[in-house]
Every structure is written in structure tokens, then in C-alpha cells.
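*Asks:* My structure is below; once you've seen it, I'll send some questions.
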Amino acid sequence: QWCRRLACLFKVPCRLSGSTRHRSPWLPRDRRTILAAATRWHHTAPESLKCAWQLHGDHLELRYANTLMRFDFVWLRDHCRSASCYNAKTNQRSLDTASVDLGIKPKAVRVDETTLFLTWPDGHVTRYGLEWLVKNSYEGQKQQVMHPRILWNAEIYRQAQVPSVDCRSFLETDEGLKEFLQNFLLYGIAFVENVTPTKEDTEILAERVSLIRETIYGRMWYFTSDFSRGDTAYTKLALDRHTDTTYFQEPCGIQVFHCLKHEGTGGRTLLVDGFYAAEQVLRQAPDQFELLSKVPLKHEYVENVGDCHNHMIGVGPVLNVYPWNNELYLIRYNNYDRAVINTVPYDVVHRWYAAHRTLTTELRRPENELWVKLKPGKALFIDNWRVLHGREAFTGYRQLCGCYLTRDDVLNTARLLGLQA
């Protein structure tokens with residue numbers, strides 16, 4: 001369109017077929033240069049604006065499906081899906097990337113309505129579907145999210161009336177499992193009802209979606225207020241909102257809780273969507289959000305109780321984001337286990353404290369708190385990379401069991417059922 005406007009302005013006929021270009025010899029050299037640049041775009045068909053491409057010195061520029069994409073020539077050669085470059089049976093690359101000439105350029109380029117064809121200097125032909133390029137380009141990725149979510153506060157979650165899944169449906173049908181996983185992916189929490197209140201049955205439940213991650217707490221653990229471990233969680237005290245295992249280099253992805261018995265009062269579980277709170281910080285104070293996503297901190301767990309001797313250290317920012325689209329994927333928030341701050345210079349640390357205060361204020365807003373009374377038969381799965389949990393103080397005997405799950409296996413199960421994860 002802008003080419004036509006230039007042509008109209010200069011009163012020069014100009015066609016966009018790619019191969020036909022009309023220039024007026026009486027135009028000044030600078031105007032002829034402008035027109036030449038304007039007509040370098042090649043289109044899949046005359047007058048077609050669905051797809052257009054333009055070669056530059058080190059990359060190919062492609063406009064398709066309302067997306068303007070730029071592809072490095074080495075990238076285009078490296079990602080070739082031909083039989084000699086890519087094993088379609090194993091979905092693995094066969095081409096030796098280090099053998100590709102870093103100065104490589106295509107000898108010929110052609111685009112039809114659905115496919116980009118590149119012929120390389122050695123005669124090898126690479127074909128890419130245009131839809132595949134949109135999906136896998138940097139520009140396309142910036143417009144997508146890795147994990148679709150519904151951010152929530154207490155009222156949003158209640159109004160959504162997210163259903164629990166019956167244990168039998170969960171264990172015996174793909175439909176029940178898929179419904180559970182869809183709830184979990186969208187909200188970061190999901191419930192299974194009518195579970196037999198034993199550790200063994202809870203283990204069967206967990207293994208339906210993932211391998212169980214064995215940690216310093218064992219494989220399946222019982223959870224009572226006997227202070228059998230050097231952790232505040234093994235008391236009757238209230239616990240403020242937090243994520244678990246922040247002192248691991250890779251915090252555990254999913255946590256499973258199942259209350260087996262409680263003879264007493266209190267003990268409700270607190271749930272807060274950390275991503276919802278972080279989103280409020282991003283809107284109100286983007287500079288503070290950025291600081292929380294870049295400043296590395298240590299979290300530490302030191303334990304010397306009975307036969308348990310551990311010293312764990314995990315390093316990372318409070319907020320972890322994908323750099324290409326700023327999508328948040330992990331929150332590491334635990335005021336109990338945060339170690340001495342010695343990774344931040346003095347002129348940054350005060351600003352970090354201010355940013356941490358802003359996030360903490362959002363996390364502690366009463367309207368963001370979802371309180372749930374766990375009871376025998378009701379198992380709770382928590383996305384430990386997203387949802388913070390806590391507990392009110394309680395009286396009497398209270399026993400929970402649970403475990404950690406490997407995040408990769410949960411997401412794998414979801415993808416095999418056709419969910420975006």
C-alpha cells in the first residue's frame with residue numbers, strides 16, 4: 001500500500017508483482033532509489049498482500065499473517081526439516097550446526113501461498129510452511145504465551161466455580177484426568193475429591209500425573225506438629241504465604257497435600273496466586289517488577305535435627321520471566337528461608353527492599369487470600385512455581401501426607417492429552 005502511495009505521489013506507475021518494476025527516468029536519483037527500495041518486496045502472487053518477502057544482507061524478512069518476521073540465514077539453514085537434516089521419526093536434528101557456513105546466503109528464494117523454498121549454494125533445498133514459521137519465529141513467540149492462565153484473587157476464583165474432580169474419574173478416565181489438568185494449568189491449583197485418606201492412596205493419586213520427586217524429605221511424607229524436622233512447618237504455628245524449596249536450585253514444581261486426620265480447631269490452608277500479585281506490581285511499578293526479576297538472591301535451608309543434616313542453597317530472582325516476552329513462569333518467595341543478601345550491591349539493595357515490599361503488600365491483600373479447609377478425602381495439588389500457600393495456627397492432632405512432583409512429567413501428561421502446557 002505504501003508503495004502505491006509513493007507511486008501516486010510521484011505519478012509513476014508501479015506494480016507489486018515482484019519482477020515488474022516501472023521507473024521514470026526523469027525522477028531525481030534519490031526518488032528513484034526510494035522507489036527501488038519500495039519494490040524489493042516480493043509477493044506470492046500479483047497484487048497479493050497475504051505474503052511478501054525481502055532479502056537483506058544477512059537475513060530474510062517475511063510478512064505473513066499480520067506478522068513481520070526476520071530470519072537469520074544460518075537459522076534458516078540450521079532448522080531445515082528435510083530428510084538429510086532432520087529425523088522425523090525421532091524429532092531430532094541430524095544436521096551438524098557447527099558445519100554450517102556462518103556467512104551462508106540462499107542462492108534462490110521462492111514463496112507460494114503456503115510454503116517458503118530456499119535453495120542454498122550447494123543446491124540443497126529447504127522448505128518451510130509459512131504457518132510453521134509464524135509459530136516458530138521470534139516475532140511470533142513474542143505474541144504467544146507458553147502457558148495460558150487465568151489469574152485470580154479470591155473472588156475471581158469463587159465466581160469461576162472451578163469443579164473438583166472425583167477420584168475415580170481422575171484415576172480411570174482420560175476425561176477426568178484432562179479436566180483436572182486443565183483446572184491446574186489455568187489456576188495453579190486443583191482438587192480431587194473422595195480419595196481414601198491413606199498415604200498409599202495419595203501416592204497412587206500422585207503417580208497418575210507424574211513421577212514423584214524424592215527430596216531430602218523423602219518420597220512420600222507424613223506431616224505432623226512433632227518438630228521431627230528443622231522446619232517451622234512441623235509445628236502448630238501459623239505459616240505466612242510462601243513457596244516451597246526456594247533453597248533448591250530448581251524448586252519443586254508441584255506439591256500435593258492430603259489431610260488424613262485433624263482432631264482440633266484451625267489449620268485452614270491459605271492460597272494466593274503469586275502471578276496475580278506480580279501482575280499488579282507490573283502494572284503499578286514496572287521498574288520494581290524488573291528489579292525483582294533480575295536481582296539474584298540466595299535461599300538457604302540448614303537442618304541439624306536427629307539424623308537429618310542438610311545445608312541447601314538455591315540462587316535466583318524472586319520473579320523469573322522468559323526474556324523474549326516477559327512472561328512470568330516462576331516465583332521464588334519465602335521470607336523464612338531467604339538467606340543473607342550478599343549478592344546485591346548497596347546502591348541496589350534498598351531499591352530491592354522497596355520492590356519486595358510492593359510485592360509483599362499485594363500478596364497480603366485480604367481480597368487475594370483464598371482460605372480452604374482441607375479434610376480427609378480431599379487432595380490438593382499446588383503449582384509451587386506460581387501459587388503461594390500458608391496455614392493458620394491450629395490446635396489438636398493434625399496429620400497430612402503429601403509429596404512433590406516433577407514438573408516436567410505433569411506438563412508432559414497434559415500435552416499428551418492435547419492441552420497447551
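The values are calculated or read from the model by the stated rules, or taken from the named source; none is laboratory data. If you're wondering where the values come from, they're calculated on a predicted model, not measured in any experiment. When we count neighbours, we look across all protein chains shown, and the Cβ atoms used for this are built from the backbone with ideal geometry, even at glycine. The area values use the complete protein model at the heavy-atom level, side chains included, leaving out ligands, DNA and RNA. Shrake-Rupley method; radii C 1.70, N 1.55, O 1.52, S 1.80 Å.
*Asks:* Looking only at strands (runs of 3 or more DSSP E) that lie completely in the stretch 222-321, which have at least 3 residues being closer than 26 Å to His350 by Cα and in contact (Cβ under 8 Å) with a residue 60 or more places away in the chain? Spell out how you get there, then give the answer.
*Replies:* Working: elements: 239-242, 254-263, 269-273, 297-305, 308-316, 319-321.
Of the strands (runs of 3 or more DSSP E) lying wholly inside the stretch 222-321, those with at least 3 residues that are closer than 26 Å to His350 by Cα and in contact (Cβ under 8 Å) with a residue 60 or more places away in the chain span 239-242, 308-316.
*Asks:* With the structure loaded, tell me whether Thr343 is in contact (Cβ under 8 Å) with a residue 12 or more places away in the chain, out of contact with any Cys (no Cβ under 8 Å at 6 or more places or on another chain), open to solvent by 20 Å² or more (accessible area, probe 1.4 Å) and within 21 Å of Glu300 (Cα to Cα) or whether it fails that test.
*Replies:* Numbers: in contact (Cβ under 8 Å) with a residue 12 or more places away in the chain: yes; out of contact with any Cys (no Cβ under 8 Å at 6 or more places or on another chain): yes; open to solvent by 20 Å² or more (accessible area, probe 1.4 Å): yes; within 21 Å of Glu300 (Cα to Cα): yes.
In short, yes.
*Asks:* Any idea which of (1) of a type outside the set (S, T, N, Q); (2) open to solvent by less than 40 Å² (accessible area, probe 1.4 Å); (3) modelled with pLDDT under 95 is the one Leu205 doesn't satisfy?
*Replies:* Among (1) of a type outside the set (S, T, N, Q); (2) open to solvent by less than 40 Å² (accessible area, probe 1.4 Å); (3) modelled with pLDDT under 95, the lone unmet condition for Leu205 is (3).
*Asks:* Can you confirm whether Arg229 is touching a helix residue (DSSP H, G or I) at 6+ places or on another chain (Cβ under 7 Å), among the charged types (D, E, K, R) and either at pLDDT 90 or above or in the same structural domain as Tyr336 (by the TED database) (or both)?
*Replies:* No; evaluated as a whole, the condition is false for this residue.
*Asks:* For the stretch 324-421, please list each of the strands (runs of 3 or more DSSP E) lying entirely inside it that holds at least 1 residues being of a type in the set (Asp, Glu). So that I can check it myself, show each step before the final result.
*Replies:* Details: elements: 328-331, 370-372, 379-383, 387-391, 397-405.
Because the criterion is at least 1 residues that are of a type in the set (Asp, Glu), the strands (runs of 3 or more DSSP E) in the stretch 324-421 that meet it are 379-383.
*Asks:* Report yes if Gln284 is exposed (fewer than 15 other Cβ atoms within 10 Å of the Cβ), polar (S, T, N, Q) and assigned by the TED database to the domain that holds Val195, otherwise no.
*Replies:* On the way: exposed (fewer than 15 other Cβ atoms within 10 Å of the Cβ): yes; polar (S, T, N, Q): yes; assigned by the TED database to the domain that holds Val195: yes.
Taking the combined requirement at face value, the residue satisfies it.
*Asks:* With respect to the numbered conditions (1) under 30 Å from Asn326 (Cβ atoms); (2) open to solvent by less than 40 Å² (accessible area, probe 1.4 Å), which one is the sole condition not fulfilled by Val165?
*Replies:* Among (1) under 30 Å from Asn326 (Cβ atoms); (2) open to solvent by less than 40 Å² (accessible area, probe 1.4 Å), Val165 violates only (1).
*Asks:* May I ask you to say which residue of Ala355, Ala414 is buried (at least 19 other Cβ atoms within 10 Å of the Cβ), within 24 Å of Thr215 (Cβ to Cβ), out of contact with any Gly (no Cβ under 9 Å at 6 or more places or on another chain) and among the aliphatic types (A, V, I, L, M)? Show your work before the answer.
*Replies:* Details: Ala355 fails: within 24 Å of Thr215 (Cβ to Cβ).
Exactly one of Ala355, Ala414 is buried (at least 19 other Cβ atoms within 10 Å of the Cβ), within 24 Å of Thr215 (Cβ to Cβ), out of contact with any Gly (no Cβ under 9 Å at 6 or more places or on another chain) and among the aliphatic types (A, V, I, L, M), namely Ala414.
*Asks:* Given the condition open to solvent by 40 Å² or more (accessible area, probe 1.4 Å) and acidic (Asp, Glu), answer yes or no: does some residue in the stretch 302-319 qualify?
*Replies:* The answer is yes, given that some residue of the stretch 302-319 is open to solvent by 40 Å² or more (accessible area, probe 1.4 Å) and acidic (Asp, Glu).
*Asks:* Checking the structure you have, find out if any residue of the stretch 61-80 is under 19 Å from His42 (Cα atoms), assigned to a helix (DSSP H, G or I) and open to solvent by 50 Å² or more (accessible area, probe 1.4 Å). Show your work before the answer.
*Replies:* Narrowing the stretch 61-80 to residues under 19 Å from His42 (Cα atoms): 61-73, 76.
Narrowing further to those that are assigned to a helix (DSSP H, G or I): 73, 76.
If we keep only those that are open to solvent by 50 Å² or more (accessible area, probe 1.4 Å) as well, we get none.
No, that holds for no residue.
*Asks:* Got a sec? Which of Glu362, Glu392 is under 16 Å from Cys259 (Cβ atoms) and acidic (Asp, Glu)?
*Replies:* Details: Glu362 fails: under 16 Å from Cys259 (Cβ atoms).
Being under 16 Å from Cys259 (Cβ atoms) and acidic (Asp, Glu) holds for just one of Glu362, Glu392, which is Glu392.
*Asks:* Kindly provide the set of residues from the stretch 174-202 that are part of a loop (DSSP other than H, G, I, E, B) and open to solvent by 50 Å² or more (accessible area, probe 1.4 Å), ordered by number. Step through it out loud before you land on a result.
*Replies:* To start, the set of residues in the stretch 174-202 that are part of a loop (DSSP other than H, G, I, E, B) comprises 188, 194-198.
Passing the criteria: Asn194, Thr196, Pro197.
*Asks:* Among (1) closer than 24 Å to Ala414 by Cα; (2) modelled with pLDDT of 95 or more, which single condition is Leu133 missing?
*Replies:* Unmet for Leu133, out of (1) closer than 24 Å to Ala414 by Cα; (2) modelled with pLDDT of 95 or more: (1).
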